[in-house]
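Enquirer: Dropping the structure in here first, questions after.
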Amino acid sequence: MSFIKSKTSRAVFVFIDLSVIALVFTCTFTDAFTADRALWNTGLRRLVFYTVESNLLAAAALLAALPFKLKRWRDGSELPFFCTLLTFAGVTSTTITFMTVICFLGPTMGYGTMYVGNSFFLHLVCPVLAALSFVFDAQSEKKLKMPHIAVSLIPTAVYGVVYFIMVVVIGKQNGGWDDFYGFNRGGLWYVSYIVMLGAAFLIGALLRLAHNAVEKRIG
């Protein structure tokens, strides 16, 4: 584990973070101005998708932590804890995107649709790279504790409320959203909400354990 604390390793993770940031913002920007593929709208309406929002959150968190990671690369200082928390929330969200595609959207809508064009990066590449960076580039001012998992649930909980309002309360016919994720099939939106929050908690707990385990090993 000593390699993880080396300057070479730190530089590699800075490069990974920069790659995620560049890919997320490039994919979001280019898709806003190009013709659509299956399931993807153009323009600002793309921001209705959890995939886009979770990747933007993770990229923003990595961007916020970047100056501190560069400082750590130079002098070995620890990351401010707010960077760890923000990245924790972003990476939990992108991991939910990753797992939702594998376990639900892929089987129901086709993996070919999920991994086409920029979706390949937002559904697979960026979530995996962001998770690797969060887990293996550990070294913060303090460890993540169980109550901090609540922070990682906030993006999913808020998105779920907005999705419910736009899909169920307002409805597509009144200017709301179509049920593009199928979470309200059979009127079972509340089941989907509970399942997604439960999955977010489990993913957050596993990411926390992995992050703390690596941090403990590297000292």
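Enquirer: Please check: in the Gaussian network model of the chain (C-alpha springs, under 10 Å), which one of Arg208, Arg72, Arg45 has the largest mean-square fluctuation.
Expert: Most flexible of the set in this elastic network: Arg45.
Enquirer: Determine the calculated [θ] at 222 nm for the chain from helices alone, applying -39500 (n - 2.57) to every DSSP H run no shorter than 4 residues and normalising by the residue count; nearest 500 deg cm²/dmol.
Expert: After summing the helix terms and dividing by the residues of the chain, the value is -21000 deg cm²/dmol.
Enquirer: Of the options Val167, Tyr190, Ala130, report the single residue whose Cα projects farthest towards the positive end of the charge dipole of the stretch 128-203 (beta-carbon charges: Lys, Arg +1; Asp, Glu -1).
Expert: Tyr190
Enquirer: So which helices of the chain fit the span-like rule, where a helix is a whole DSSP H run, its Cα atoms reach 20 Å or more along the axis, and its mean Kyte-Doolittle is at least -1.0?
Expert: Length and hydropathy pass: 7-31, 50-75, 81-100, 149-164, 189-218.
Enquirer: Would you please give the FRET efficiency between Gln173 and Thr108, computed as 1/(1 + (r/R0)^6) with r the Cβ-Cβ distance and R0 = 25 Å, to the nearest 0.05? Present the calculation step by step, with values, prior to reporting the outcome.
Expert: On the way: r = 24 Å, r/R0 = 0.95.
Approximately 0.60, to the nearest 0.05.
Enquirer: For Cα pairs less than 8 Å apart in space and 6+ apart in sequence, what is the mean separation divided by the residue count of the stretch 2-218, i.e. the relative contact order in percent? Intermediate values should be presented prior to the final figure.
Expert: Values: 237 pairs, mean separation 51.9, N = 217.
Value for the stretch 2-218: 24 percent.
Enquirer: Ser77 versus Lys145, label points 7 Å from Cα toward the beta carbon: distance in nm?
Expert: Each label point lies 7 Å from its Cα, and together they span 2.5 nm.
Enquirer: Follow-up question, since we're still on this one. Among Thr113, Val48, Ala157, which residue has its Cα positioned farthest towards the positive end of the charge dipole of the stretch 2-218, with +1 placed on the Cβ of Lys and Arg, -1 on the Cβ of Asp and Glu, and the dipole taken about the Cα centre?
Expert: Ala157
Enquirer: Quick one: which residues, 5+ away or cross-chain, put their amide H under 5 Å from the amide H of Leu79? H built at 1.01 Å from N.
Expert: Correct list: Ser140, Glu141.
Computed from the coordinates by the stated procedures, all read-outs in this text should not be read as laboratory data. Because the structure is a prediction, the values reported are computed rather than measured. We place every Cβ from the backbone using ideal geometry, glycine too, and count neighbours over all the protein chains shown.
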